Amino acid sequence: MPGAYPAMSVDATRTAARFHPSSAADFLPRPLLAQVQTGRLCETLERTFASVPAWREKMRAAGISSGAVRSLADLPKLPFTTKSDLRDAYPFGLFASPMEQIVRLHASSGTTGKPIVVAYTREDVHVWTSVMIRSFAMAGVHAGDVVQNAYGYGLFTGGLGAHYGAEGLGATVIPASGGNTERQILVMKDFGVTVICCTPSYFLHMIDRAAQLGVDLRELPVRIGIFGAEPWTEAMRRRIQNLAGIRAFDIYGLSEIIGPGVAMECECREGLHVFEDHFYPEVVDPGTGEPLPDGEEGELVLTTLTKRAMPVIRYRTRDITALIPEPCSCGRTLRRIRRIGRRSDDMLIVRGVNVFPSQVEAALLEVEHTLPHYQIVLTRAHGLDQMEVQVEVTPETFSDRVSAMEQLSGKIAEALERVLGLRVQVTLVEPNTIARSEGKARRVVDRRSAV
Ligand code: DLL
């Protein structure tokens, strides 16, 4: 592997050992980390230039020579990689290693057109496993824990990514994959599960199903949840923690970079530590592409520092966040990003007003008697956008008097108007009416182009 780690102080090694030996790199002094990053960056750029014709072409078109970057500060000189660059290279156009060195392929789902195919060498799988071990260790998972992995196994990176990490850590893994919710609850109850991994929306569904089956998750040994792959709010975290009696942690990642394990919350849960020794983060203005100072919100751009099969340089993730300038009180030196509430491309424009699904979720969760299951339905009537928010309400409320229901929908409409600055139609629906997903939730149904 390029750029080995410099020796660490005895103190830092001792602190890291509380988590897992692999966690040592979480505590590298910043100057040493920068040294590692610079070496790895230069090597990645050289390799990519030499072995990926599409990248060479991009650099030529931008008039940049292969040796233009000598330090981390030079990185903004390079062009961005976008999702369409990856799509145009379908399926194998950006691979930097020959097929005989590639041991795994995954693909991102993508809502339209072709998926993006991503590749891993044996070393890449090893790096991925190590960042997932560090992620689990950060949340306090250790050997002896029983991990129910309900992320989908398959082309989606969630299942196998979490699997290798939990197993590498020495925990007992139950490869449950997504779906068959009743069986998930049976497993959680009977196998002594202590850690659950899945999307936050799927876990909410499990909580509901458990209640219907007469199982109180608070009475089970499960104590940690590792949730990611979609945006979720602090209100959702509180709801999950109260209903299931666990501590919920946020994990972030994306297929294009490696999968889950790009960034993770530690016990402080005040932002997600980026595994900067493998993924170099920048935050840029989504409009101009100019780098933004730490603390300012913009689009996250990531560069892989150790990926062999498919290095990605300055990838525009579309995820909106900020780099947190202050060091974390956990003692890790890895910088943190704020949790990702939205993407630059999930903004809806309704009658000229900008609306993000996360704003809707935050408003709904502040109103009592609603369930965190909702969907936004957009239509157009007589050339005018109509936005309907369908919200499930608790069974007691649903069977209540009509006047009580009207009062509640009025309250929700007001809460939404306060946040969005827009009056929208609120429809209260019975529990279990809105389709559940075993993976990422589908929050928006946009039928405007169909009208
Ligand atoms: O969702 C990888 C993953 C699996 C992450 C399991 C965490 C846990 P993709 O399917 O390629 O990969 O989707 C990546 O999902 O660009 C974000 O928009 C979103 N996303 C992932 N994690 C979070 C998170 C996996 N914790 C895209 N918070 C990313 C908010 C997230 N959004």
> Would it be correct to say that GLU43 is more than 27 Å from the chain's Cα centre (by Cα), under 27 Å from ARG332 (Cβ atoms), among the charged types (D, E, K, R) and at pLDDT 95 or above?
Replying inline: yes
>> Every residue in region 229-252 that is part of a strand (DSSP E or B) and either at positive phi or open to solvent by 30 Å² or more (accessible area, probe 1.4 Å) (or both), please.
In response: ARG247
>> Suppose we filter region 231-275 for residues that are among the hydroxyl-bearing types (Ser, Thr, Tyr) and either assigned by TED's automatic domain parsing to the domain that holds GLY439 or under 30 Å from GLU123 (Cβ atoms) (or both); how many remain?
In response: 2
> Looking at (1) under 21 Å from PHE275 (Cα atoms); (2) of a type outside the set (Asp, Glu); (3) surrounded by fewer than 23 Cβ atoms within 10 Å (Cβ to Cβ); (4) away from the ligand (no atom under 14 Å from the Cβ), can you tell me which one ILE133 breaks?
Replying inline: (3)
> Does ALA435 satisfy being under 28 Å from ALA150 (Cβ atoms), surrounded by fewer than 13 Cβ atoms within 10 Å (Cβ to Cβ), in contact with a strand residue (DSSP E or B) (Cβ under 9 Å, 6 or more places away or on another chain) and aliphatic (A, V, I, L, M)?
Replying inline: yes
>> Restricting to region 289-321, count the residues that are of a type in the set (Phe, Trp, Tyr) and more than 17 Å from the chain's Cα centre (by Cα).
In response: 0
>> Given the criterion of a type outside the set (S, T, N, Q), open to solvent by 10 Å² or more (accessible area, probe 1.4 Å), within 16 Å of the ligand (Cβ to nearest atom) and part of a strand (DSSP E or B), identify the matching residue among PRO286, PRO281, PRO260.
In response: PRO260
>> So for region 362-383 (the condition being farther than 25 Å from ASN242 by Cβ, modelled with pLDDT under 90 and open to solvent by 60 Å² or more (accessible area, probe 1.4 Å)), does at least one residue qualify?
In response: yes
> What do you reckon, is PHE156 within 11 Å of the ligand (Cβ to nearest atom) and in contact (Cβ under 8 Å) with a residue 40 or more places away in the chain?
Replying inline: yes
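May I ask you to verify whether ASP208 is among the acidic types (Asp, Glu) and touching a residue at least 12 places away in the same chain (Cβ under 8 Å)? Outline the logic, then answer.
Working: among the acidic types (Asp, Glu): yes; touching a residue at least 12 places away in the same chain (Cβ under 8 Å): yes.
Judged against the criteria, ASP208 is a match.
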> Which one of VAL193, VAL215 is in a loop (DSSP other than H, G, I, E, B), away from the ligand (no atom under 12 Å from the Cβ) and closer than 24 Å to ARG269 by Cα?
Replying inline: VAL193
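Here is a yes/no grid of residues against (1) in contact (Cβ under 8 Å) with a residue 12 or more places away in the chain; (2) of a type in the set (S, T, N, Q):
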| residue | (1), (2) |
| --- | --- |
| LYS58 | yes, no |
| ILE64 | yes, no |
| GLY67 | no, no |
| LEU72 | yes, no |
| THR81 | yes, yes |
| LEU86 | yes, no |
| ALA96 | yes, no |
| MET99 | no, no |
| ARG104 | yes, no |
>> Whether any residue in region 97-105 is among the polar types (S, T, N, Q) and touching a strand residue (DSSP E or B) at 6+ places or on another chain (Cβ under 9 Å) is what I want to check.
In response: yes
> Which ones in region 190-205 are closer than 17 Å to VAL393 by Cα and of a type in the set (A, V, I, L, M)?
Replying inline: LEU204
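For residues that are under 12 Å from TYR374 (Cα atoms) and open to solvent by less than 80 Å² (accessible area, probe 1.4 Å), scanning just region 413-431, find the one that is nearest to the chain's Cα centre (by Cα).
Pass one, region 413-431, residues under 12 Å from TYR374 (Cα atoms): 426-431.
Those left that are additionally open to solvent by less than 80 Å² (accessible area, probe 1.4 Å): 426-429, 431.
On the way: VAL426: 29, THR427: 30, LEU428: 29, VAL429: 29, PRO431: 27 Å.
The selected residue is PRO431.
The values are calculated or read from the model by the stated rules, or taken from the named source; none is laboratory data. Small disclaimer: the values here were computed from a predicted structure and weren't measured. Note that each Cβ is placed from the backbone with ideal geometry, even for glycine, and that neighbours are counted across all protein chains shown. With ligands, DNA and RNA removed, areas are computed over all heavy atoms of the protein, side chains included. Shrake-Rupley method; radii C 1.70, N 1.55, O 1.52, S 1.80 Å.
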